[in-house]
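The values are calculated or read from the model by the stated rules, or taken from the named source; none is laboratory data. Small disclaimer: the values here were computed from a predicted structure and weren't measured. Here the Cβ positions follow ideal geometry from the backbone for every residue, glycine too, while neighbour counts run over all protein chains shown. When the accessible area is computed, the model is the full protein with side chains, heavy atoms only, and any ligands, DNA or RNA have been set aside. Shrake-Rupley method; radii C 1.70, N 1.55, O 1.52, S 1.80 Å.
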Amino acid sequence: MDTIRVRIRRFDPETDQAPRYETFEVPRAPEMRVLDVLDYVHETLAQDVAYRWFCGVKKCGTCAVTVNGTPKLACWEPAEAEMTIEPLANLPVVRDLVVERGPCREGLCAIEPLIQRTTEYPGFPEPLSHRAMARAGHLRDCILCLACHAACPVMAEPGTRFAGPAVLVNLAEVALDPRDGADRARIAETAHVFSCVSCYECERVCPAEIPIVRDAIEPLKRLVYRRGIGEGARHARLFLDSVKKHGRVNAPQLVLATQGANREALGRGFRMMARGKVNPVRSLLEGRAGGAEALRKLYEGSEENE
Amino acid sequence: MHDPVSTDVLVIGGGAAGAKAALTAHEAGARVTMVVKGFLGKSGCSIFASHLPYYDESTQEKASDRLRYAVRYYNHYLTDQDHVRRMGVYMRTEFHAELERLGVYWLRDEQDRIFATGPRVPTVVVHKQGASGPIIMEKRRREIFARGIPVLEECAATALLTDGGRVVGATIFDYRHGVTFPVAAKTTILATGHSDYLASRSTATREQSADGVAMALRAGAEAANLEMQWWHVSDMAHPRTWMRIHVYPNPLLGTPESSRLYNTRGDVFYEQKTHSPGSSAPYVEQARRLALEVQKGLARWDGGYFSGYDHIPADVVRTYQHQAKVWQKLGLDVGRDRLECGITWHMRQGGLNVDAATMRASLPGLYLAGGIGCHYLGGVGPVSYDGKVAGTCAADEAHGRPAPALPSEQVEAEDRRIFGFLRHADDGCLPIQLKLGIRDVMWELGYVKNERKLVHALQRLQRLRDEELPRMGLQSTSRTWNSGWLDALDVTAMLDATEATVRSALLRKESRGPFYRDDYPVTDNEHWIARVVLWRNGNGWQSRIDPIPTPHLKPEKAREPFFEADY
Ligand SMILES: Cc1cc2nc3c(=O)[nH]c(=O)nc-3n(C[C@H](O)[C@H](O)[C@H](O)COP(=O)(O)OP(=O)(O)OC[C@H]3O[C@@H](n4cnc5c(N)ncnc54)[C@H](O)[C@@H]3O)c2cc1C
Ligand code: SF4
Ligand code: SF4
Ligand code: FES
């Protein structure tokens, strides 16, 4: 029979000194998902394996685990012949594959994630343009599964103050809402949006296929940049001045100029760029005419909008 | 046991009903505490909602269409018609507005008009068809957190505490930390839903084990029409976890068409506009048609029949429907390929007995909200109305009442019961195996029922209770997030709830809506527009039949063959 070999990381805080791995053989079923494999293990081989899920169909966002090194939604992704399943990274482990979601909940509450109306709600249906609402269209697909949070290299930094991509997607959703009047630039700055190094890891793993950088993080960065607040915006301005002038990032100049402003994230960004993982300019150019000229126009345009 | 918590209003359950109940009671000035077995807005079936009906009653004709749809097609006359009218006012004037005010985006078309679909009663969706539930519930979650209402998550209520017959709170099992604590509440709102994982194939979320029904029955409350169990016909056969994905048989956004069902040979055996033109929620009709195909050997209950949208322009399906992603994920083309389906145990029309005007249950101090009640089928909008009524009345009753004393004997007994399960299984069976066993009994019982099958199911459940339950033990006795421990408690709830369901089915001697007995294949409106009321009496059961008034809409026929009735 066709079988799946699955190695599961186990950790029971009451009995284990350190995590351990246990391997199981699971018969393959039609169209089997990662969650079906975990269910089989739970039902027949190791009843005590702890893993979390509710809906089974990509709606509740609670089943994400790390499969062969990549955060995945267990109920959505197909089972692979050989799998190592571990809890999501960047979150405290409660037991086996179950992680503490509290830190993200707090991060989300901190950004005031409901629209704040400046005018009184006129009653249903309120006049709204589908075009204006489409700006955040993809963002509404977020189910807060935290796969992106686990994939983000900045979240892995000890003591990081970055709120992380999951929180920022939800911040952008309200920030781009034409009805919202909250000071989202300030909130984005408090969420340390400029700690993001545009590595696209979050997008790569998002089960909802949300263009996180393009639709959430960049609009938030632009918002802060335009308002010119905080250290991050200062860094962004220098960064963009450099791009405008040279058509590319002049890294040494930028590091010198920022002098400690967000040095931690910057340094990491450049390390990753050096390894070819990150191209911050690509993120700003994507979908638009290429080159320094276009970029300059773009930013002059956005400055005029202030 | 940890220190008791004291509150004015305790809300058990964090779906659409519980959320609205908590918000309403809080607005009325009560101190509210919420307890949710999973996560507020993420566990329970509210996240599955796709269509949200918009109750347009601007003309006499539209108003009577709406009543017909709710009373006849949704509830097969087993609802409180005055409640339906009151709820209609909420649906028309408040439901969509309160969510829109929060920021929910009701999908607009190119002309910026709200996108509505459906032949008789228009429904609207959030963002895209198939994505309404998660978005609405996430907004509710944020609203509740923003208000500062305490929410205890990954905490299951396991028993209602009573004092002289009055409900005065509940015991809570916090399985994240492996501790228990009692909550003393002036009034308690039970909102644990109606989609339970009680059969091998089910639309329910993982944690739904009919706890609300079981704990209320144990406390002495009445249940009603538990046998009125809906089945989904066009749910996916594979992969197993996707049995909760519904290939919608109701009209699709952006087109008057809907999916079709095909038997093994590829013949269409169901399409909404042909087979149930009067109903935009045609699930009971689908089930009847499938039963005929199964009889002919042209389908099985768990497969061998198919559903698809291949007769509808694929770009329409892709534009308005989240489900198109399902096809894509399996490497299929929504414009060409069909999916194999199986039948799934869906939501319950019946539930606990309730006075819909106040949402009071049959025990003082206890209120119900949402699918847990027997008064109406459900739906995210309708259960929100229940939450509003329950929240208002429960806060009102709590106002000025002294904090109740906790019945220490009950609290200690429940603690002993919970910790009694925290033991190794030496030669015994594990809770998950018992869960699978119970689900198998209900799956075998299935859609086509009769006295023989029902009695057999009761015997099998009794055997599990007598022989397996006493031997049940765990693999791990650690307290932290021990899902086996929680499974053990679920097993006791499932045994109680399934037994009550089968007993209720034995009492109803007719067929109606989702409920089919081949030994009584007639819809008997003369005798059975009634609540089959059931409650525990010591170790036994008692029952009575309460007729349901039909003040606004009556069925045309006194009796009709089940397969000829269109509701
Ligand atoms: C597959 C599917 C599709 C549907 N589609 C639609 C649709 O398109 N439109 C529509 O309007 N309606 C739809 N419905 C119906 C609608 O979703 C339900 O009627 C409604 O959501 C019920 O809400 P509720 O709050 O009563 O229960 P639920 O949403 O099920 O909430 C129950 C809550 O109680 C909690 N709970 C359970 N046990 C305990 C315990 N012991 N202690 C503490 N908490 C507990 C659960 O974790 C959960 O939070 C659908 C239902 C299903 C199953
Ligand atoms: S953005 Fe995507 S990956 Fe991140 S939480 Fe939302 S759905 Fe998950
Ligand atoms: S793009 Fe930004 S948010 Fe996304 S993973 Fe990289 S650093 Fe994190
Ligand atoms: S189980 Fe809900 S998203 Fe996977």
Rounded to 0.05, the calculated FRET efficiency for the beta carbons of B:ASP426 and B:ALA314 at R₀ = 56 Å is 0.45
Apply the Karplus parameterisation 6.51 cos²θ - 1.76 cosθ + 1.60, with θ equal to phi minus 60°, to every residue of segment B:524-529 and state each ³J(HN,Hα) to the nearest whole Hz, in sequence, with x for glycine and proline. 10, 6, 6, 10, 10, 7
Within segment A:50-89, what whole-number % of the accessible surface is contributed by carbon and sulfur, with the 1.4 Å probe and all protein chains included in the calculation? 51
Which of the residues in segment B:75-112 lose at least 30 Å² of accessible area when you go from the chain alone to all protein chains together (probe 1.4 Å)? B:ALA97, B:GLU100, B:ARG101, B:LEU102, B:GLY103, B:TYR105, B:ARG108, B:GLU110, B:ASP112
Apply 1/(1 + (r/R0)^6) to the Cβ-Cβ distance of A:ARG28 and B:THR264, taking R0 = 41 Å, and write down the FRET efficiency to the nearest 0.05. 0.95
Quick one: Karplus J couplings for segment A:161-175, per residue in order, coefficients 6.51, -1.76, 1.60, θ = phi - 60°, nearest Hz, x for Gly and Pro? 9, 5, 6, x, x, 4, 5, 5, 4, 6, 5, 5, 4, 7, 5
Span from the segment B:112-163 Cα centroid across to the segment B:406-448 one, whole angstrom: 30
Partner shielding of A:125-137, as the mean number of partner chain Cβ atoms within 10 Å, equals 4
Given a cut-off of under 8 Å on Cα pairs at least six residues apart, what relative contact order in percent is computed for chain B? 20
Once normalised by the length of segment B:230-346, the mean sequence separation of its alpha carbon contacts under 8 Å that are 6 or more apart gives a contact order in percent of 35
Rank-order B:234-245, B:404-415 by packing density, defined as the average count of other C-beta atoms within 10 Å over each peptide's residues, highest first. B:234-245, B:404-415
By the mean-Cβ-within-10 Å protection proxy, highest first, B:352-361, B:538-547, B:464-473 rank as B:352-361, B:464-473, B:538-547
Note to self: with every protein chain in place and a 1.4 Å probe, the protein assembly as shown gives an accessible area per residue in Å² of 36
For B:MET359, what residues show an amide H to amide H distance below 5 Å, using hydrogens built from the backbone and excluding near sequence neighbours? none
If I ignore ligands, DNA and RNA and count only protein heavy atoms, how much of A:GLU231 is accessible to a 1.4 Å probe, in Å² to the nearest 10? 100
Rounded to the nearest 100 Å², the accessible area buried between B and A, both sides, probe 1.4 Å, is 5600
How well do other chains shield peptide A:93-99, expressed as the mean number of their Cβ atoms within 10 Å of each residue Cβ? 3
Cut-off 18 Å (backbone N to label point 7 Å along Cα→Cβ of B:GLU451), residues of segment B:475-508: B:502-508
Averaged over residues of B:476-486, the number of beta carbons from other chains lying within 10 Å of each residue's Cβ is 6
Which of the residues in segment B:43-61 lose at least 30 Å² of accessible area when you go from the chain alone to all protein chains together (probe 1.4 Å)? B:ILE47, B:PHE48
For segment B:30-38, in order, what is each residue's ³J(HN,Hα) by Karplus, 6.51 cos²θ - 1.76 cosθ + 1.60 with θ = phi - 60°, in whole Hz (x at glycine and Pro)? 7, 7, 10, 10, 10, 10, 10, 5, x
Put a dot 7 Å past each Cα toward the Cβ at B:LYS557 and B:HIS399; how far apart are the dots in nm? 5.0
Probe 1.4 Å - accessible area at B:LYS557, Å² to nearest ten: 110
At 7 Å along Cα-to-Cβ for each site, give me the label-to-label distance between B:GLU467 and A:THR118 in nm. 7.2
Amide H of A:ILE4: which non-local residues (sequence gap of 5 or more, or other chain) have their own amide H closer than 5 Å, using H built in the peptide plane? A:VAL26, A:ARG28
Per-pair calculated FRET efficiency, R0 = 22 Å: B:ASP566 and B:ALA63 via Cβ, rounded to 0.05: 0.60
Relative contact order of segment A:3-99: what whole-number percent is it, with Cα pairs under 8 angstrom and at least 6 residues apart? 33
Taking amide H positions as placed in the peptide plane 1.01 Å from N, state which residues far from B:TYR54 in sequence (5 or more) or on other chains have amide H under 5 Å from it. B:THR123, B:VAL124
Whole-Å distance, taken between Cα centres, linking segment B:227-258 and segment A:1-79: 26
Within segment A:140-216, report the GluC sites (Glu not before Pro) that DSSP leaves as loop and that have at most 13 other Cβ atoms within 10 Å. A:GLU209
